[in-house]
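*Asks:* Below you will find the structure I want to go over with you.
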Amino acid sequence: MSSLRLDAIVLAGGRGRRLGGADKASIRLRDERLIDRTIGAARRIGVERIVVVGPRGATDADAVSVREDPPFSGPLAALSAGLAALESGSAEAGDRAEWVLLLACDLEHPGAVCDALASALARTRNDDRLRDGVLLEDPGGRSQ
């Protein structure tokens, strides 16, 4: 569990064209919806508030659900909607998390991703260089 104050935005929209129009968030892997796997992984590292951006019903009761406007307008519009929802939920600056994780609902290994992000962010506390955030890389060195 992280000692950082963390919030998360989970992107769960899109048309699912590569999946024949399927709702990615609702796809089940080992009897668990992909969205629930990602939310659970975020909760396990101590994420306080989660905003899911996607269709209504994509999330559980413990997360805020919002939609980008207009729907299907892309990941930047979804990120903007998620940040606005987090901001509107912060009554004061002291309510804000130190970091916001940006996660996809269909991560193959959400626990490993959340653990890696929390570890990398914790290391920035002791780094004398200014950090705006961290970005993970896949084994091939591609930014993810």
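Just so it is clear, none of the values below were taken in a lab; they were calculated from the coordinates. Note that the structure is predicted; figures quoted are calculated from it, not measured. Note: ideal-geometry Cβ built from the backbone for every residue, glycine included; neighbour counts use all protein chains shown.
*Asks:* For a protection proxy built on the mean count of beta-carbon atoms within 10 angstrom, sort 64-72, 134-142, 37-45 highest first, please.
*Replies:* Put in order of decreasing packing, that is 37-45, 64-72, 134-142.
*Asks:* Something else now. Can you work out the FRET efficiency for the pair Val134 and Asp69, with r the C-beta to C-beta distance and R0 = 30 Å, to the nearest 0.05?
*Replies:* According to the calculation, E is roughly 0.55.
*Asks:* Given +1 on the Cβ of Lys and Arg, -1 on the Cβ of Asp and Glu, and no further charges, what dipole in debye does the range 6-124 carry about its Cα centre, rounded to the nearest 20?
*Replies:* Once rounded to the nearest 20, the dipole reads 500 debye.
*Asks:* What is the distance, in nm, between label points placed 7 Å from the Cα along the Cα-to-Cβ direction at Ala116 and at Arg28?
*Replies:* 2.9 nm
*Asks:* Antiparallel as a % of all DSSP beta bridges within the range 6-124, to the nearest 5?
*Replies:* Bridges in the range 6-124 that DSSP calls antiparallel: roughly 10 percent.
*Asks:* Using packing as a proxy for protection, rank 50-59, 97-106, 80-89, 113-122 so that the peptide with the highest average count of other Cβ atoms within 10 Å comes first.
*Replies:* 50-59, 97-106, 113-122, 80-89
*Asks:* When a/c reaches 1.5 or more, the comparison of a/b and b/c decides; with that in mind, is the range 6-124 rounded, prolate or oblate per its Cα gyration tensor?
*Replies:* The shape class here is oblate.
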